[in-house]
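All of the numbers you see were taken from the coordinates with simple rules; none came from a lab. All figures in this text were calculated on a predicted structure; none of them were measured in a lab. Every residue, glycine among them, receives a Cβ derived from its backbone with ideal geometry; neighbour counts consider all protein chains shown.
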Amino acid sequence: MEPESNQKRKLKNGIRDATIVAWFWAISLFWSIGYCWQYGYLIRKDPQGQVVLETILGMPSWAFWGIFSPWVLCAIFTALYGLCLMRDDPPEPDQ
Amino acid sequence: MGIEITWESWQVLAAFGLYLFGVGYLAWFSHSYLKKDNFISDYFLGNRGLGPWVLALSVAATAISGGTFMGFPSLIYSNGWIMALWIAGYMVVPMTGMIFLGRRINHFARISGSVTVPDIFRDRFNSPILGICASLFILFFLIFNLVAQFKAGGLLMKEALRIMPAQAGVEAMRDIDKGAIEIEFKYGDNRRETLSVQKPQVGSTLSLESSSVDEKLKKVELVFLLEGKRYTKTVNFPLSKIQIPFLQIPIDLGYFLGLIIFSLTVISYTTFGGFWAVTWTDVLEGIVMLVGVVILAFLAWNAVPALGEKTGLAAATEHLKNMSSPGSEPGALVYGPGPGHFLTIGLAFSFFCLWPLASAGQPSAMVRLMSFKDTPSLRRALVLVSSYYLLTYFSLLVIFICARSIFPTQYLREIGSEGVPDSIMPALIRHLAHPMIAGVLLAAPYAAIMSTVAAFLLIISSSLVRDLFQRTLYPQASEKTLKWMSYSVTFSVGLIVMLGALRPPDFLQYIIVFTGSGQGAAFLFPMTAVLYWKRATRMGVLAGMAGGFLSLVSLYLLGWMDNWTQVQLGMSQGGSSLASTLQTCLGWIPGWGEMRHDSFAPLFLCGLDPVVWGLLASLALTWGGSLLTRHDETQAEKFFPSR
């Protein structure tokens, strides 16, 4: 078995990863569900009773700001995390 | 019985065959890769040698299943833009699915020598009972899921074959009741068959005005009249059936042949090549899926009928805005909660929990994480998976929003004239693409199903061979015995599931959601405690696993009971005595008596999906159970060193 301090460091790295992921999930949930509930759950109509829909890039604006944009931001953050922020461990020998 | 296949279908099959040839080659290549001296670890875990590309594509290909390519498209087609919120949780799935447990589970499996997920539970507490329980829960959910996946594979292959109906003539047509028409067909050998056809459901009862039969195309066109407005419905001649000796009801010949082809392909390569075959074919399948959806998005975008200056997705959204779905007001396809209150805000919240958390708790995902080579491989794979999901899910949304404007009603369950929503994916492919291209595009959903089935087959086989046979019943088994056990068990499980899929259940997407959320509820928090919490105990983890499993299954059972009660009470005034008793005893439960979209749907307690309650119960029991029982300091020290 390798020196204990090395194992302890790996455990700390794992806990750090898990904590960041938990916050990442909570923030995404809060934004997407909150935004879509506020702007996507009420059918807007003009005085003649016609449905009014604002679109961005062909999709409803609530879907653009509530889902598409945060999804792209999440992908960027995930890439940054994977390429720059996540710490490497030396591989373990298979037992 | 003669089988008539069109020239167009032969072209589709030729292109499809090329893809299957690639899969076969990879299986053969993987088989030669298997080492003789460490068979079990190699067959089930690939000797922990996955690099970034293979890891990324195998994680993505395993997660994307028949549900993604058959069930999800049908839901977008039926419910419109609200499905973007339904699937939105996938924006965090790469992080939750790969990073939350990834580094730690890989490290843990290496120091304990674990090969399977039940191994981890067993090795952490030195508890065979925990390993056996984990194996049984995995078997329960995965066998359910596999039957649904096999069904999807059979349906897809049926669409590729498109066997023509047998030659027949229409003998009689009867308006049997308010909701249906009965058509009687007569074949050349004097055999007769009656087909009951649902009338278009537009809120009022329609009466049949006229009909015309096209014996060459083997179709009947029915025209209904209501308040001066005409509704047409096209009915295909009945498909050829085949009688299976042990089944009482004849089954559709196209589906039967499709299921046989699908099953033999996937069972053979999984049995023959083990983990390496599954991961290498995952790579091919992952590439085929991505290329397939991107090409199909391009074709669908261009096929949308222009509306003024608007084209593509903008025109499709405008079409959806102006459409009224059956039973819903205009605008329901572009705003929440969707037609028929499909996605209430409570369910939207539930699905944002389900996808990220349940995917982290899936044993199939955990096995992939146990097998990567080193953390740089994990980091790079994370980036690839994240881009992969973004591209795939947005392409699917675009494709099937466009599909709704291309086929405004043809594939709707209530008024569709061409088919049911589940067949929209293969139908759209065959509508938009040249047959040779269609063959390649049909390989995309087929690949999605194959990769998931192969991974699940291997997990079931590893649970039986490694966890139950080798580690519980017969620890002295030789490498040779284990090798033949692994081959024969993988093959037998595949065959049994194929037999189960001969008469498949109707609820593809709900079964996939049920099994996915069940595994998440049973395994996520117990596994988190095993990996991160020194104070966790065997009893706490067992309670968490059982609690998550039981609460989720109970809510599904309550939902089925409620659905049955509603049908019984609706059929006769007062209903049967059992239905009345259930209504009296269980009517107080929040969510009881609510209308559901499907008879497989669960009870949504307080408007939330069972996965939320399952996860909460599992968390509370893992935590509380561990605090209330004594933990083994010496055992924990191996995995949680104090220095």
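Summary table below
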item	result
Per-selection metrics, segment A:4-85 (Cα): Rg and Dmax in Å	19.4, 73
Three principal axis lengths of chain B [C-alpha, angstrom, descending]	83, 58, 57
Span-rule helices in chain B, defined as complete DSSP H runs reaching 27 Å or more along the axis (Cα) with Kyte mean at least -1.0	B:7-33, B:128-161, B:253-303, B:375-406, B:435-462, B:479-500, B:508-532, B:538-571
Amide proton proximity set for B:K241, modelled H, under 5 Å, gap of 5+	B:L253
Crossing angle, helix A:4-40 versus chain A [Cα axis fit, 0-90 degrees, rounded to tens]	0 degrees
Alpha-carbon centroid distance for the pair segment B:368-403 / segment A:47-83, whole angstrom	19 Å
Descending semi-axes in Å of the protein assembly as shown, equivalent ellipsoid built from Cα gyration tensor	43, 30, 26
Relative contact order for segment A:4-85, counting Cα pairs under 8 Å that sit 6 or more residues apart, in percent	23 percent
Shielding by other protein chains, B:105-116, mean Cβ within 10 Å	3
Shielding by partners - mean other protein chain Cβ count within 10 Å, residues of A:38-46	4
For segment B:212-291 and segment B:574-639, distance of Cα centres in Å	36 Å
Average beta-carbon neighbours from other chains, 10 Å sphere, peptide A:58-70	6
Base-10 log of normalised Debye intensity for segment B:184-310 (one unit scatterer per alpha-carbon) at q = 0.09, 0.10, 0.11, 0.20 Å⁻¹	-0.59, -0.71, -0.82, -1.13
